[in-house]
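I have placed the structure first, in the form of structure tokens, so that the comments after it can refer back to it.
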Amino acid sequence: MIKKGIRRQIVMHYFIVVFSTLLLAEVIFLLAIRSYYYDSIYSHITQHIKQVEEYQKFGTSSNEGKDDLGNLLMVYKLNYTEMQVLNIQGDVLINSSDFQPDVSIKTSDISQAQSGNIGRWVGRQPNTGEDVMAVSKMEQDNGRDSYIVRYVTSLEKVNAKLFNVTLIATAVAAAVLALVLAFSLGLANSIVKPLNTITAVSAQMARGKFNIRVKGNYKYELGELASTLNYMAQEIVRSNQVKDDFISSISHELRTPLTSIKGWSETINSGGYDPEETKIGMEIITKETERLIGLVEEILDFSKLQQNEMKVSFGRVDLKELLQEIMLNLWTKAEKRTIELRLDSVDKPLVEGDANRLKQVFLNLIDNAIKFSHENSAIDLFVSFEGNNVVVQVHDTGIGISEDHLVRVKDRFFQVDPLNGGTGLGLAISQQLVELHHGILLIQSELDVGTTIVVRLPRLLEAEESEIPQLPGAETTQD
Ligand code: ADP
């Protein structure tokens, strides 16, 4: 017995379909054969019975008539067939066999003959229990009484033949069914076995074993399922790795300012009381606290973006003005490393957006450019129009990014070197914020040559300009 499941379902489906088809075909075939045999016998007797019409000279009530019937029997009897002559009521007058004639016959062939047709009856002879066919026809004898000629032939041999044919047909059907069973079982196994393997592997994955993989060269949908599962495990491993990296980098990021804050607060608390030293300590505590707040905010922003809960208020933003403002913010940082910040912009590069969020994007991009540039270099900011877009390029000649790392830099928490500071969230957040503004962010970079980050945003045309407020309007949640 096959266990419940896909295997059983496939086998059962095939079995039921083939079994019913075979059954139907066999029934039709056997019925056709049976009616062919029976019809042949019937038409043979019918042809013969029609010739009796020619027999004219006899009577039914006299001795002479009885002799005539005898002659009739002599002339028209058929091999392997019993011939009877009956009066119109169905009483047997004379019979070709040695048996005592039946008194009266009431089978359906008689009534058909009485109504002028050639009657046919197939059934079991009451006295012998034999299967027979009876064919009867009424004959009119010019002016004299009518009579019925009846031929009765045994069907035993034909039935035996039919039984043999039925046996052969059943054997063929059984063989076909066995073949179908074997084939459907094979087919079911070819589906169920890989499924079982995949289920076993996914159960192991569910228990946390993500290094396990579905092995084997499966075809079609099963192949796709196996490779999707393998891909999923690979992605989980990767994202776990990214999370682990993030936790270690975030702990590092948190520990450094916390250590410094703790150190300075202990020093101040222990009563050093040198006002100058206390001032430096307090400044450091403030700076480190700000850094911590920045870090936590970045994490919060990212989490909001992930959950589509980032609030944005759209208005008219002039990207040239925005970049000039950012340059002022980052001037000191760039100065410290003698990095020149240059801006080359078209006039009025207007976009519709959230000024604070766009500032966050470009602050992050330019901050990265400063962080990863060599000393005594320059960072160029180009702003231009391209069709209906405003394109901002942040170009540096810094350390660049290798091809391998380039595909991953926009992944959350990814950092080429975690010791560089930062969270690895900046580019992921920037990318999502740009997408929130219906724009795109592209990174072009070559190791040791430099990096260009391209941000393309839909341009706000003059006609639309007046419809949009310069100051942020009502807050909306991202879609
Ligand atoms: P973070 O700067 O906080 O580490 P980002 O998501 O902004 O996170 O950047 C991810 C990584 O991409 C950085 O750690 C750095 O390795 C690389 N990267 C980003 N911008 C540049 C750049 N201008 N030049 C070289 N590498 C860069």
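Some observations on this one:
- Per-region count, region 393-447, residues polar (S, T, N, Q), more than 23 Å from residue 319 (Cβ to Cβ) and at pLDDT 85 or above: 1
- Selection status of residue 450, within 13 Å of the ligand (Cβ to nearest atom), surrounded by 20 or more Cβ atoms within 10 Å (Cβ to Cβ) and at pLDDT below 95: no
- Note on region 341-359: among residues that are within 12 Å of residue 322 (Cα to Cα) and open to solvent by 50 Å² or more (accessible area, probe 1.4 Å), the one that is farthest from the chain's Cα centre (by Cα) is 343.
- For residue 206, the conditions (1) of a type in the set (Gly, Ala, Ser); (2) under 30 Å from residue 296 (Cβ atoms); (3) open to solvent by 70 Å² or more (accessible area, probe 1.4 Å) are fulfilled apart from (2).
- Residue in region 305-315 that is under 25 Å from residue 401 (Cβ atoms), out of contact with any Pro (no Cβ under 8 Å at 6 or more places or on another chain) and in a helix (DSSP H, G or I) present: yes
- All of 320, 279, 336 fail the test of being open to solvent by 40 Å² or more (accessible area, probe 1.4 Å), under 53 Å from the mean Cα position of the chain (by Cα) and not hydroxyl-bearing (Ser, Thr, Tyr), apart from 320.
- The set of residues from region 404-417 being of a type outside the set (Lys, Arg), touching a Leu at 6+ places or on another chain (Cβ under 8 Å) and free of Cβ contacts under 8 Å to residues at least 60 places away in the same chain comprises just one member, 409.
- Residues that are over 25 Å from residue 352 (Cβ atoms) and in contact with a Lys or Arg (Cβ under 7 Å, 6 or more places away or on another chain), drawn from region 380-412: 380
- Only one of the listed residues (174, 188, 182) is in contact with a Lys or Arg (Cβ under 6 Å, 6 or more places away or on another chain) and either assigned to a helix (DSSP H, G or I) or not assigned by TED's automatic domain parsing to the domain that holds residue 293 (or both). That residue is 188.
- Selected residue (criterion: modelled with the highest pLDDT) from residues of region 119-128 that are open to solvent by 40 Å² or more (accessible area, probe 1.4 Å) and in a loop (DSSP other than H, G, I, E, B): 128
- Selection within region 380-394 - within 29 Å of residue 299 (Cβ to Cβ) and more than 9 Å from the ligand (Cβ to nearest atom): 381, 392, 393
- Total residues in region 386-422, condition of a type in the set (Asp, Glu), surrounded by fewer than 16 Cβ atoms within 10 Å (Cβ to Cβ) and either over 35 Å from the mean Cα position of the chain (by Cα) or in the same structural domain as residue 240 (by TED's automatic domain parsing) (or both): 3
- Criterion: over 30 Å from residue 387 (Cα atoms) and touching a residue at least 12 places away in the same chain (Cβ under 8 Å) - qualifying residue of 371, 320, 311: 371
- Scanning region 404-446 for residues that are in contact with a strand residue (DSSP E or B) (Cβ under 9 Å, 6 or more places away or on another chain), more than 8 Å from the ligand (Cβ to nearest atom) and of a type in the set (A, V, I, L, M, F, W, C) turns up 406, 433, 434, 436, 440, 441, 442.
- For the residues 172, 176, 180, 192, the requirement of being touching a Gly at 6+ places or on another chain (Cβ under 8 Å) and aliphatic (A, V, I, L, M) singles out 192.
- Screening residue 144 with (1) open to solvent by 70 Å² or more (accessible area, probe 1.4 Å); (2) at pLDDT below 95; (3) more than 30 Å from residue 87 (Cβ to Cβ) gives one miss only, at (3).
- Within region 247-273, residues that are in the same structural domain as residue 299 (by TED's automatic domain parsing) reach partners that are basic (Lys, Arg) and modelled with pLDDT of 80 or more with beta carbons closer than 7 Å, at six or more positions or on different chains, in the pairs 257/291.
- Residues of region 354-392 that turn out to be assigned to a strand (DSSP E or B) and in contact with a Leu (Cβ under 7 Å, 6 or more places away or on another chain), as a count: 6
The values are calculated or read from the model by the stated rules, or taken from the named source; none is laboratory data. Bear in mind that the values here come from a model prediction, so they are computed numbers and not experimental data. With ideal geometry, Cβ positions are generated from the backbone for all residues, glycine too; neighbour counts draw on all protein chains shown. Each accessible area value is taken on the protein alone, full model and side chains, heavy atoms only, with ligands, DNA and RNA left out. Shrake-Rupley method; radii C 1.70, N 1.55, O 1.52, S 1.80 Å.
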